[in-house]
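Report on the following structure.
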Amino acid sequence: MPDLTIENIVTAGRSLIDGVDTELRTNVWILGDTAGGPVLVIDPAHDATAVAEVVAGREVTAILLTHGHPDHCGAAQSFAQLVDAPVFLHPADRMLWDRAYPVGSGASFLDLGDGDTFSIAGLTLRVLHTPGHTPGSVCFWIAGDTPDVPGLLFSGDTLFPGGPGSTAREFGDFGAIIESIRSRLLTLHPETTVLPGHGDTTTIGDEAPHLDEWVARGW
């Protein structure tokens, strides 16, 4: 993927997690090309101005949300206004969006669907619906140039180093996230790089051997 550039900014902010005010650090991913052309932005969290400063005037063709929790979508609308770009979210997370942006706020998003695609740097980014952390959780996958070449997976809160994202919060479903990981993610090339919504990167091959352990422990 010689023409693809990936910039990572980590933003920090406070969100209510099960009623507890919690400090969170979230990975924001900016995908572009080496020529400084248009970009896609994944999960512009917490600090819209900080993310806009990294975008630095480049055209944002789409703002893509992995899910509707406030530590991922809470700054999306203000960022969209700063860069004049549409926001995309899976409609199964509308109830979470409506909590972040009450009816009458003017905030809106366009629907993401499984299999939808976005173009960037001559590559195709594909939406994988991976319910479990939330009903509308998605991952974004860029395939390798050929089936035997690994790609990139922006996994949101579906898969981290060490296992699945939490399903203890409202609308979480452990069985669903395990099935999403089993059927949608672990089928990818083992050397696929996984870039999650929080923390460090991993690979599909590093995580796949531990699926049964995650099922046994129940989280």
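Using the Cβ-Cβ distance between Thr201 and Thr49 with R0 = 25 Å, the FRET efficiency computed as 1/(1 + (r/R0)^6) comes to roughly 0.45. Of all DSSP-defined beta bridges confined to the chain, some 75% are antiparallel rather than parallel.
Mean sequence separation of contacting Cα pairs (under 8 Å, at least six apart), scaled by the length of region 52-194, corresponds to a relative contact order of 19 percent. Compared with the alpha-carbon gap, the fully stretched path from His210 to Thr22 is longer by 64.8 nm at 0.36 nm per residue.
Peptides 58-67, 172-181 ranked from most to least packed give 58-67, 172-181, packing being the mean of other C-beta atoms within 10 angstrom over each peptide's residues. Taking packing as the residue-averaged number of other Cβ atoms within 10 angstrom, the listed peptides 71-83, 30-42, 105-117 run from highest to lowest as 71-83, 30-42, 105-117.
At 7 Å along the Cα-to-beta-carbon direction for both Ser119 and Asp84, put a label point, then send me their distance in nm to one decimal. It is 2.2 nm. Each of Ile6, Phe140, Ile204 was scored by the projection of its Cα onto the charge dipole of the chain, and the greatest displacement toward the positive side belongs to Phe140; charges sit on the C-beta of Lys, Arg, Asp and Glu. Remark on Thr11: its backbone amide H falls under 5 Å from those of Thr26, Val28, a criterion applied only to residues 5 or more positions apart or on other chains, H modelled at 1.01 Å from N.
With the simple spin-label model, which puts each label point 7 Å out from Cα in the Cβ direction, the Thr5 to Thr193 separation comes to 1.5 nm. Which option, (1) 138; (2) 108; (3) 120, is the value of volume of the Cα convex hull per residue in Å³ that was calculated from these coordinates? Step by step, volume of the Cα convex hull per residue in Å³ for this structure corresponds to label (2).
Here the accessible area of region 88-189 is 54 percent carbon and sulfur, with a 1.4 angstrom probe and all protein chains present.
Each peptide among 206-214, 138-146 gets the average number of other Cβ atoms lying within 10 Å of its residues, and from highest to lowest they stand as 138-146, 206-214. Based on DSSP H segments of at least four residues, each scored -39500 (n - 2.57), the chain has a per-residue ellipticity at 222 nm of -5000 deg cm²/dmol. Can you classify region 98-219 as rounded, prolate or oblate using the Cα gyration tensor, where a ≥ b ≥ c are the square roots of its eigenvalues, rounded means a/c under 1.5, and otherwise it's prolate if a/b beats b/c and oblate if not? Cα axes put region 98-219 in the oblate bin.
The values are calculated or read from the model by the stated rules, or taken from the named source; none is laboratory data. Here the structure is a predicted model, which is why all the values come from computation and not from measurement. Glycine also receives a Cβ, built like all others from the backbone with ideal geometry; neighbour counts cover every protein chain displayed. Note: areas computed on protein heavy atoms with side chains; ligands, DNA, RNA excluded. Shrake-Rupley method; radii C 1.70, N 1.55, O 1.52, S 1.80 Å.
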